[in-house]
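Structure first, commentary second.
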Amino acid sequence: MSKRKNSAQRLVYSTDGGRLCPQCHRPVADCVCGKDRPAATGDGIVRLHRETKGRGGKAVTVVRGLPLAGKDLKALARELKQKCGVGGALKNDDIEIQGDQRTLIKTELESRGYTVKLAGG
């Protein structure tokens, strides 16, 4: 076997650390990048899901993949709820809007310049 010239090895997969920061490659909780860390590393497409699981049969529209974080995401959630005239919540970087509001949310997000796809049932 030949020795590697570069002795520094990069972690590919680990179950004990959870999600890794894309810049410093540490667990997100131990990230040293701070505010310089990108908000999302997805494919740049916002997906709208309709879910009823665990909600007593009531439909909820879930917005996933937004490249926003913190106050910006909270403000957008508030504006979407006002636009639809319903309630909702912000959970784990996903926006949940009560009812099946996918078409209305899709037009609103597209007018803001996002690429939006309808996903799920």
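General remarks:
- Across the range 66-86, the number of residues qualifying as surrounded by fewer than 19 Cβ atoms within 10 Å (Cβ to Cβ), assigned to a loop (DSSP other than H, G, I, E, B) and under 17 Å from the mean Cα position of the chain (by Cα) comes to 4.
- Long-range neighbours under 9 Å by Cβ, at least six apart or interchain, first residue in the same structural domain as residue 46 (by TED's automatic domain parsing) and without any contact (Cβ under 8 Å) to a residue 60 or more places away in the chain within the range 71-84, second among the basic types (Lys, Arg) and surrounded by fewer than 19 Cβ atoms within 10 Å (Cβ to Cβ): 76/112
- Applying the criterion of being within 9 Å of residue 61 (Cβ to Cβ) and of a type in the set (Val, Ile, Thr) to the residues of the range 87-107, the residue that is surrounded by the fewest Cβ atoms within 10 Å (Cβ to Cβ) is 105.
The values are calculated or read from the model by the stated rules, or taken from the named source; none is laboratory data. Remember, predicted model here, so these are calculated numbers, not experimental data. Glycine gets a Cβ as well: all are built from the backbone with ideal geometry, and neighbour counts include every protein chain shown.
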